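This report refers to the structure that appears directly beneath it.
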Amino acid sequence: MLTILNRRKFCHSLGLTAIASTVPRFLEKTGSAIDGRDSADDRVLVVIQLGGGNDGLNTVVPFEDSQYYKARPKIAVDATKVLKISDRLGFHPEMVELHRLYSEGALAVIPNVGYPNPNRSHFRSTDIWETGSPSGELWKTGWLGRYFDAACKGESPIPPGIRIGENPSLAFAGDKLRAATFANPRMLENPAEGIERSSLDHMKSFEKTGISSLDFVQRVSSDANRLSLDLQRAARDVRPKVTYPPFALCQSLRLVSQMITAGFPTKVYYVSHGGFDTHAAQPQKQAYLLQELSEAVGLFHQDLKAQGQLHRVLGFTFSEFGRRVAENKNAGTDHGAASVMFAFGGKIKPGFHGEPPKLDQLDDLGDLRHETDFRQVYAGVIQDWLGADPTVIVGRDFPAFRIVNASS
């Protein structure tokens, strides 16, 4: 039986009835949408990180460009096998579901996304994408953390952001609110037993000791346990409308769909799909990774639509950088610069938003030059989807890249 949580029941289950004044502003308004009334504040953002640096050229293939095949005699995608989206471009042949979404007008493609003075270190470039900082500056807060700080007030055990992955994301780092990170989706579906279960049950409530640091730890433990229990209930009670295969990204997006459908009032979900650092044997490795990405997003989209939730969701993919245009000696590619982003959702502006890669205008290292700054995409998401001021959150006045039908 499908269980939908309204705000009153959800807050009661977390003991929030008496502290309504500390609930984030967007959570105060969530109940109206869950109860059936349309509200822009009920929108959800899903971020999919492609860790390692995805090669955009073999993802969206310029199959009519002879320079592409000249630069990649071993690893280029066969022009006869690409899934065409125009007379010049086509998707990798393993991206069947994403090609279907594109053909149905349900997918946006943003080519040549990057930033000035690109950094080719995985860690540093990921930090730049997650904070929204200039490449020469170190910022301690993330772009989503700054959004939470600007759009929320007070404290609440309900996290505004949830990440499913091994490590917390710097994107969620803020000055006020905290997000939650779960290393494995399955940990939410297998409640602990015995002594461990008793210990977790004990953390549902705690008595103040007067020692601020200890009280803080106890409160965080109690909130985390209550959150875990509600996530378990969402995973148990909401049945997917599609069958997700047992791959990591598919299972992560399955759980996200269940939480969205259950009315869980989290604003941003963040999942990861790693392995894109293809220095060797790229054709085999990337094909597998793109197939899983395509299948996971396709099923997620289908599930949300069947559950009646697609209109509430905007999702996009990003990778910390693309790859070098020329292949290396190991049938792979080395760290590059600009790459491609995908976006999907019930109110997406579909199609190809930009120009094909300009292989005759590479930078000094042989990388694609960026045409769209990733912070322009963030600005568009913040303004058109999340309803906040992008200049406050992104940190600079980047013109919003419009991928959302804001008025619909």
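Worth a mention:
- Under 5 Å between amide hydrogens, built in the peptide plane, is the criterion, and for Gly351 it picks out Leu107, Ala108, Val109 among residues at least 5 positions away or on other chains.
- Exposure proxy for His279, His370: other Cβ atoms within 10 Å of each Cβ, ordered fewest to most, give His279, His370.
- Amide H contacts under 5 Å for Gly142, placed H, 5+ residues apart: Ala173, Gly174
- Sorted by Cβ density within 10 Å, fewest first, the residues Tyr115, Tyr378, Tyr288, Tyr244: Tyr288, Tyr244, Tyr115, Tyr378
- Over 29 Å (Cα to Cα) - which of Lys84/Lys349; Lys84/Lys285; Lys140/Lys358; Lys81/Lys267; Lys74/Lys305; Lys74/Lys241 fall in this group: Lys140/Lys358; Lys81/Lys267; Lys74/Lys305; Lys74/Lys241
- Cα pair count fraction exceeding 40 Å, expressed as % - the range 44-394: 15 percent
- Check: the range 44-394 dipole with +1 on Lys, Arg Cβ and -1 on Asp, Glu Cβ, in debye: 580 debye
- Residue order, fewest to most surrounding Cβ atoms within 10 angstrom, among Asp389, Asp55, Asp397: Asp397, Asp389, Asp55
- Residue-by-residue Karplus 3J(HN,Hα) for the range 332-345, coefficients 6.51, -1.76, 1.60, Hz, glycine and proline x: x, 9, 9, 4, x, 10, 5, 8, 10, 10, 10, 9, 8, x
- Amide hydrogen neighbours beyond the local backbone of Arg324, cut-off 5 Å, H modeled: Asp334, His335, Gly336
- For the range 267-337 versus the range 89-167, the gap between their alpha-carbon centres in whole angstrom: 12 Å
Each value in this text was obtained by applying a stated rule to the coordinates, not by laboratory testing. Note that the structure is a prediction, hence the values are computed from the model and not measured. Cβ: placed from backbone, ideal geometry, glycine included. Neighbour counts: every protein chain shown.
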